[in-house]
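The values are calculated or read from the model by the stated rules, or taken from the named source; none is laboratory data. Note that this is a predicted model, so its numbers are computed, not measured. Because the Cβ atoms are built from the backbone with ideal geometry, glycine has one as well, and the counts that use them run over all protein chains shown. With ligands, DNA and RNA removed, areas are computed over all heavy atoms of the protein, side chains included. Shrake-Rupley method; radii C 1.70, N 1.55, O 1.52, S 1.80 Å.
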Amino acid sequence: MDQEEILLDAEERMDKAVHVLQGQLQGIRTGRATPGLVDSIRVDYYGSPTPLKQMANVSVPEPQQILIRPFDAQMVGEIAKAIQASDMGLAPNTDGRVVRLNIPPLSTERRRQLVSRVKELSEEARVSIRNIRRDANKHADQAEKDKVMGEDERDNTKTDVQDLTKKFEGKVNSMADTKEKEVMDE
């Protein structure tokens with residue numbers, strides 16, 4: 001691999017790590033209802049786990065309520081089961097056609113738990129980014145051994161990889177800070 005390939009690969013992988021964190025943070029509930037809270041839920045749809053958003057309309061008619069309207073009305077029971085089985089701590093109400101989720105206000109202790117979960121997820125993302133940095137540095141060392149690049153080019157590559165690492169860790173930190181504020185402010 002040459003310098004461009006190493007940097008491009010590292011940047012793409014770090015960007016994926018940030019996107020994974022972004023998706024995970026959307027699933028952490030604050031005091032208000034958002035469709036992102038149920039994005040991670042998978043429902044058993046005729047034997048295969050299917051994302052909820054692929055089989056139902058998810059809307060927020062009120063600030064404290066999520067309304068789930070399945071495309072197939074027979075799936076209401078399965079959707080309710082999947083929500084109960086998730087770790088969201090919400091009780092679904094069904095009327096045969098739709099599933100309603102009432103979002104209760106968060107207690108101070110629950111807010112602290114959610115903040116610690118945000119910290120765990122962001123640390124996992126930072127570790128992932130650092131692992132990508134390590135891999136890129138190994139590729140740079142290997143490229144120098146294989147005489148694809150010289151010492152100076154290898155050192156420049158490592159410096160660029162470190163700059164990428166700082167950039168993406170900064171993104172992770174700002175996303176985590178924003179989510180922590182959201183959770184604690186309500």
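Just a few scattered comments:
- Based on alpha-carbon atoms, the Kirkwood radius and the radius of gyration of the chain give Rg/Rh equal to 1.14.
- Near-label residues of region 89-129 by backbone N, under 18 Å of a point 7 Å along Cα→Cβ of ASN173: 118-129
- In this label model, GLN74 and SER107 are separated by 4.1 nm, measuring between points 7 Å along each Cα→Cβ vector.
- Potential extension, SER116-ASP163 segment - 0.36 nm per residue separation minus Cα distance: 14.2 nm
- Dipole in debye (nearest 20) - region 11-100, about Cα centre, beta carbon charges: Lys, Arg +1; Asp, Glu -1: 180 debye
- Residue pairs, from the table LYS16/LYS171; LYS119/LYS167; LYS145/LYS166; LYS158/LYS179, whose Cα atoms sit over 20 Å apart: LYS145/LYS166; LYS158/LYS179
- Apportionment of accessible area to carbon and sulfur, region 1-114, percent (1.4 Å): 47 percent
- Relative contact order computed over region 50-165 (Cα-Cα under 8 Å; 6+ residues apart), in percent: 16 percent
- Peptides 148-156, 36-44 ranked from most to least packed, by the mean per-residue count of other Cβ atoms within 10 Å: 36-44, 148-156.
- Cubic angstrom per residue, convex hull over Cα atoms of region 100-161: 111 Å³
- For the chain, the residue among THR34, MET149, THR178 whose Cα projects farthest onto the positive side of the dipole built from Cβ charges is THR34.
- Cβ-Cβ FRET estimate between LYS181 and ARG100, R0 fixed at 35 Å, reported to 0.05: 0.80
- Considering only alpha-carbon pairs that sit under 8 angstrom and 6 or more positions apart, the relative contact order computed for region 1-52 is 19 percent.
- The smallest convex shape that holds all Cα atoms of region 30-76, its convex hull, gives 65 Å³ per residue.
- Sparsely packed chymotrypsin sites (Phe, Trp or Tyr not before Pro) within region 40-140, loop by DSSP, other Cβ within 10 Å at most 15: TYR46, PHE71
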